[in-house]
1. Considering only the range B:75-96, how many residues are surrounded by fewer than 21 Cβ atoms within 10 Å (Cβ to Cβ) and under 24 Å from residue B:185 (Cα atoms)?
2. Checking residue B:130 against (1) surrounded by fewer than 17 Cβ atoms within 10 Å (Cβ to Cβ); (2) more than 13 Å from chain A (Cβ to nearest Cβ); (3) at pLDDT 95 or above, which single condition isn't satisfied?
3. Kindly provide the set of residues from the range B:165-176 that are within 14 Å of another protein chain (Cβ to nearest Cβ) and surrounded by fewer than 18 Cβ atoms within 10 Å (Cβ to Cβ), ordered by number.
4. Looking only at the range B:178-188, filter to residues that are surrounded by fewer than 16 Cβ atoms within 10 Å (Cβ to Cβ) and out of contact with any strand residue (DSSP E or B) (no Cβ under 6 Å at 6 or more places or on another chain); which one of those is farthest from the other protein chains (Cβ to nearest Cβ)?
5. Could you tell me how many of the residues in the range A:82-96 are surrounded by 15 or more Cβ atoms within 10 Å (Cβ to Cβ) and either at positive phi or within 11 Å of chain B (Cβ to nearest Cβ) (or both)?
6. With the requirement that a residue be surrounded by fewer than 16 Cβ atoms within 10 Å (Cβ to Cβ) and in contact with a strand residue (DSSP E or B) (Cβ under 7 Å, 6 or more places away or on another chain), what does the range A:98-124 give you?
């Protein structure tokens with residue numbers, strides 16, 4: 001109970017300074033199949049975001065594809081900002097299967113659909129091929 | 001206005017995610033006459049313990065460099081550097097050469113800076129063949145189609161890090177005597 005109050009206090013304080021914590025669900029379509037996962041990130045007053053992500057691939061019909069996990073850090077820089085719509089440059093750095101270092105550049109758009117909810121679509125390069133992603137963001 | 005964006009994103013989602021993506025994609029790598037490196041130039045790291053691809057050579061894989069020593073110099077097909085190593089220190093690649101009037105495929109590795117070349121097999125022109133390199137804790141396991149495994153011991157490398165991909169390259173020291181085309185079908 002005490003920790004819940006602490007978290008609530010921190011969120012309120014962040015909100016007071018125009019900063020936010022965002023929890024997101026993500027689905028990404030890569031050349032090797034679908035991946036699903038989540039992101040938790042901190043957004044500054046200037047809409048810069050930094051956080052952590054975790055994704056896991058879904059089973060595919062391909063005999064060659066393995067089920068991979070991909071986790072690491074995600075950083076987003078706002079390129080265009082309006083009240084409802086933002087475009088970000090995004091870099092994900094992390095490990096696949098806790099062994100392989102991967103750096104993934106991309107672009108993402110974020111559309112506000114309510115006070116505490118936004119949805120987004122993204123494009124990035126995975127395994128030298130384009131990938132597409134969808135995100136739903138809950139603003140705490 | 002907002003609703004339009006929501007519908008647009010939902011429509012894009014439905015389009016993008018309505019079917020399973022095609023896993024196999026073919027790229028043609030072109031090594032120009034007088035060059036070593038192929039185009040398209042790509043930067044990527046390996047993301048799996050198994051590298052699987054198909055490759056097809058055509059008549060441009062035939063060449064005559066004049067003397068046996070040059071002719072037996074290995075051309076590189078595809079592979080990767082091992083964990084945080086430079087590729088002349090620790091790496092594993094498939095290599096090829098036109099020799100004895102046939103297209104020979106080799107395992108081509110650097111292990112702690114020492115070069116290791118092991119013959120794997122022969123492939124025909126104008127047909128796709130499947131190539132596999134599996135990384136185990138101690139070895140690289142090479143396989144061509146359903147042929148026998150060829151294993152090469154790994155060097156002293158880290159357990160987690162960057163494994164940068166190595167793409168088609170002609171040579172050795174002598175550049176391509178004419179334009180060479182190699183089709184490579186990735187398996188994600």
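The values are calculated or read from the model by the stated rules, or taken from the named source; none is laboratory data. On a predicted model such as this, the values are computed, not experimentally measured, just so you know. Positions of Cβ are generated from backbone atoms using ideal geometry, with glycine treated the same way; all protein chains shown enter the neighbour counts.
1. Number satisfying all stated conditions: 1.
2. Among (1) surrounded by fewer than 17 Cβ atoms within 10 Å (Cβ to Cβ); (2) more than 13 Å from chain A (Cβ to nearest Cβ); (3) at pLDDT 95 or above, the lone unmet condition for residue B:130 is (2).
3. Selection gives nothing.
4. B:178
5. Count: 4.
6. Matches in the range A:98-124: A:103, A:105, A:107, A:116, A:117, A:123.
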